[in-house]
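Some notes on the structure that comes next.
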Amino acid sequence: MCHSQIPESPRFLLDSGNKTHALESLRRIARMNKIQLPPGELVTEEEKAILCGNATHLPDKGFLMDLFRSGIIRTTFILSITWFLLFFASFGFIISSVELLAISHLPNVTFTHIASSYLCTPLDGFDYTSLMIISLGSLPGLLLFFSLMEWLGRRHALVLNCFASAVLAGLLVLPNGMNRIALVTFLSLLRAVLTAAVQILWVYTPEVYPTSLRGTANGYHLAVGLLGALVTPVAAQELIRFSPHSAEVMYAVACALAGVACFFLPTETKNRQLE
């Protein structure tokens, strides 16, 4: 039902040679936003290039290898690292939250090798309530995402959230540990900050690429991010068997590296006109 209310991409229709439906989609979008379409005739990029006398420099179609051409390869490389590391850490903390709650039942847990029997520790009512509270941490993360993104800009907000995530993850491995209420609080804050970082990444990526590459770039970087989510259970559930907090150390380092990478992004897209 919701899908039927989403207009088709006018650019897709136009590039597919369906100019009539592309114009209908634009009119529908204009009605939804209560604005008028600008005057003029709808033309493809190829037609525009020919009319402007640039027939020998027709626009590209947005192939995957265009993401690695001169001028944007640096952005693609940095964003690939960031998508992988943030998805790796974000999904990893979702998985390891259960493990950390299970560890909190055990007295005097150290960084030495421990038996895997603790993984069978049953969760009590407090644990299930805690997991719900931690999951709800995503909601204030969305508010943080909107606020920081408009205040600091996309790039600086992304750097700040990455380093804040690294600090919060590092606090989870305090030598003396923390009580269960403090653990839930830190995990909720971490969930909020990581959610904000990932959402900023979702906004920044399509803004930084030209229109012809926007869809290709989104698909490529999402695939890289999901690769990070694919490998993270190894760290979250297997590495933790040898050291209770080794996975958290790895995730803290991943967040810090993502912050360093974002610091070198060449373009700020706040208030920047889309290409």
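The values are calculated or read from the model by the stated rules, or taken from the named source; none is laboratory data. Keep in mind the model is a prediction, meaning the values are calculated, not measured. Ideal geometry is used to build each Cβ from the backbone, glycine not excepted, and the neighbour counts take in all protein chains shown. The protein model used for the area step is the full one, side chains on, heavy atoms only, and it has no ligands, DNA or RNA in it. Shrake-Rupley method; radii C 1.70, N 1.55, O 1.52, S 1.80 Å.
Give 213, 172 a once-over and let me know the one that is at pLDDT below 85 and in contact with a Phe, Trp or Tyr (Cβ under 7 Å, 6 or more places away or on another chain).
172
Taking residue 32 as the residue in question, decide whether it is within 21 Å of residue 8 (Cβ to Cβ) and either open to solvent by 40 Å² or more (accessible area, probe 1.4 Å) or at pLDDT 85 or above (or both).
Here the answer is yes, as residue 32 does meet what is asked.
Yes or no, residue by residue, for (1) in a loop (DSSP other than H, G, I, E, B); (2) out of contact with any strand residue (DSSP E or B) (no Cβ under 6 Å at 6 or more places or on another chain); (3) modelled with pLDDT of 65 or more; (4) open to solvent by 20 Å² or more (accessible area, probe 1.4 Å):
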residue	(1), (2), (3), (4)
48	no, yes, yes, yes
60	yes, yes, no, yes
67	no, yes, yes, no
80	no, yes, yes, no
86	no, yes, yes, no
89	no, yes, yes, no
105	yes, yes, no, yes
139	no, yes, yes, yes
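Every residue in region 196-235 that is in contact with an Asp or Glu (Cβ under 7 Å, 6 or more places away or on another chain) and among the small types (Gly, Ala, Ser), please.
Once the filter is applied, which keeps residues that are in contact with an Asp or Glu (Cβ under 7 Å, 6 or more places away or on another chain) and among the small types (Gly, Ala, Ser), region 196-235 yields only 212.
Spot the failing condition for residue 167; the list is (1) surrounded by fewer than 17 Cβ atoms within 10 Å (Cβ to Cβ); (2) under 23 Å from residue 129 (Cα atoms), and only one is missed.
(2) is the only condition that residue 167 fails.
Could you please let me know if residue 42 is open to solvent by less than 70 Å² (accessible area, probe 1.4 Å) and at pLDDT 80 or above?
no
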